[in-house]
Amino acid sequence: GSEMCIRDSSAAVDDQPGSEALHVLKAHVLKRAGRAEEAVRGLHALFAATKEQGLLHSAFSPMIPTSGLVAQFTADEVLSSIKGGENLLSLASEYNLLKWEIESFKAWGTEQAAPDLECAGPGAALHTSPHIPRVLVSVPLVGSEGERFSTMMAAWRQYPPCSQDSTALPGSADLMLLFAGRVEELPGWLAAWRSEMGAELSRCFREVYVSCAGLTRAEIHYQGGWDVTGPNNLLHAAMVHNQSVHANYDYGWFMESDVFPVQKDWLHRVVEEAVAPKGFWRKGAVGSMPLKNDVAVVSAHHRHMNSNGMYRLGDPCFRSLLLQVREEYGSAPNDAALYLWLHSRRHHRDFQRYAHKFVYSDMLQNWLGHWCRSDVLAHSPNTVLVHGKHRQDQC
């Protein structure tokens, strides 16, 4: 009978303790046979022994090797299963975002509305965009990124921000090289930015200058995953706390050192994008590429807007929102946290007011893993910049 089949399956798995696929299959067989508690215990143990984030998807996917054995686990069963990986995966964005999505679903009908943003009310937020925008391109850098800065400039020379035959910018653009530390800590490679950039690149900007965020070593710390203290602090230093930036510019383009151009005259496109739609707050790339086949296990992790991109400056309401997100989510990735804040039921009133101010755009693509220019442009020929460390010359 079915029970004997399950017993045989269990023995086969025990003989190959390193096979995650067999452990997953065993859990699905147990679940289909009505032995849900045993299935969950098995998955809990499997998650406790893995460091692979991919298991968060593959363990519950209809694309596991033997699709005829796939079982439908309840939300509680999924949460109990993945809790086994809390010690190893709790710093992973995918773990936390999947957990948030399931817990949010379970909380349906129980939450109360959060207080409105302090700026809520007629006329509190800016609803216009200048016809001739003042744009600040902000490149955040830490002391160890000298080689990455050099690689970035080489990519700029290959696909220049502007070119001899490009038309005039529809506004003005300055470049701020934002160093994380203090002035006295400025590394030599950054102090010598002029020789690295050269006149051909620097001429594309009205002004190029170095600014120091003055962050301490602890404030620059970067662990990755669900703790991105350093990148969060650099983003806020550029787009939230810098008073002169808010006074002198309309939009900021936040561009980390692993953002690469794939077409020339990309600065023209950046400034052009600052004009419309009227009053937008954020513009950037959706989640990640390449296209995902296993859509059954898509979660909030795959929908958020990457932190690189355009930010409205000089709007106290948007600054208030970013500060509130930081207060609620701490060192969690600012881009994922902003998505969770805006799409939580508690803040739905703010979603109704401000969702139209967040615009996905193909001017920038966000790629996980390896990417090459032809794949990027095949997805959209309008893309001029790509966020992704693993750039390849050939596909």
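Rolling a 1.4 angstrom probe over the protein heavy atoms with all chains in place gives region 312-392 an accessible area of 43 Å² per residue. Given a 1.4 Å probe and the protein chains as shown, Tyr360 ends up with an accessible area of around 110 Å².
Neighbours of Ser361, meaning other residues whose beta-carbon lies under 9 angstrom from its beta-carbon, give a summed charge of -1 when Lys and Arg score +1 and Asp and Glu score -1. Annotation: extensible slack from Gln223 through Asp362 equals 47.1 nm (criterion: 0.36 nm per residue apart, minus Cα-Cα distance).
If N is the number of residues in region 333-395, what value comes out of its Cα radius of gyration divided by 2.2 N^0.38 Å?
Dividing the Cα radius of gyration by 2.2 N^0.38 Å gives 1.47.
Taking all protein chains as they are arranged and a probe of 1.4 Å, the heavy atoms of Arg32 leave approximately 140 Å² accessible to solvent. Among the GluC sites (Glu not before Pro) in region 103-177, those placed in a DSSP loop whose Cβ has at most 16 other Cβ atoms within 10 Å are Glu111, Glu118. Computed over protein heavy atoms with a 1.4 Å probe, the accessible surface of region 264-309 works out to 37 Å² per residue. With the convex hull constructed from alpha-carbon coordinates only, region 187-296 shows a mean projected area of 10.3 nm² over all directions.
Measuring nothing but how far apart in sequence close Cα pairs (under 8 Å, 6+ apart) lie, relative to its length, region 302-395 scores a relative contact order of 23 percent.
Which percentage, to the nearest 5, of the DSSP beta bridges contained in the chain is antiparallel?
Taking every DSSP beta bridge within the chain, about 30 percent pair in antiparallel fashion.
By the gyration tensor of its Cα atoms, with a ≥ b ≥ c the square roots of the eigenvalues, what is the shape of region 34-121: rounded for a/c under 1.5, prolate for a/b over b/c, or oblate?
Working: a/c = 2.43, a/b = 1.88, b/c = 1.29.
Because a/c hits 1.5 or more and a/b exceeds b/c, region 34-121 counts as prolate.
For Arg206, what is the net charge nearby, where nearby means another residue's Cβ is under 11 Å from its Cβ and Lys, Arg count +1, Asp, Glu -1?
Numbers: positive: Arg134, Arg203; negative: Asp174, Glu207.
Around Arg206, the charge tally is 0.
For the chain, the relative contact order works out to 18 percent when only alpha carbon pairs closer than 8 Å and six or more residues apart are counted.
When you restrict to C-alpha pairs under 8 Å that are six or more residues apart and normalise by the size of region 222-341, the relative contact order lands at 36 percent. Other residues lying with their Cβ under 12 Å from the Cβ of Cys372 contribute a combined charge of 0, Lys and Arg counting +1, Asp and Glu -1. Using the 1.4 Å probe convention, the accessible area of region 56-214 works out to 51 Å² per residue with neighbouring protein chains retained. Among Pro115, Pro187, Pro140, which one shows the biggest mean-square fluctuation in a GNM of the chain, springs joining Cα atoms closer than 10 Å? Taking springs between Cα atoms under 10 Å, the residue moving most is Pro115.
Carbon-plus-sulfur accessible fraction, the chain (probe radius 1.4 Å, protein heavy atoms only): 52%.
Ranking Glu256, Glu328 by solvent-accessible area of protein heavy atoms (1.4 Å probe, all protein chains present), from largest to smallest, gives Glu328, Glu256.
The values are calculated or read from the model by the stated rules, or taken from the named source; none is laboratory data. What you see is a predicted model; the values in this text were computed from it and never measured. When we count neighbours, we look across all protein chains shown, and the Cβ atoms used for this are built from the backbone with ideal geometry, even at glycine. Surface accessibility is based on the protein's heavy atoms, side chains included, excluding ligands, DNA and RNA. Shrake-Rupley method; radii C 1.70, N 1.55, O 1.52, S 1.80 Å.
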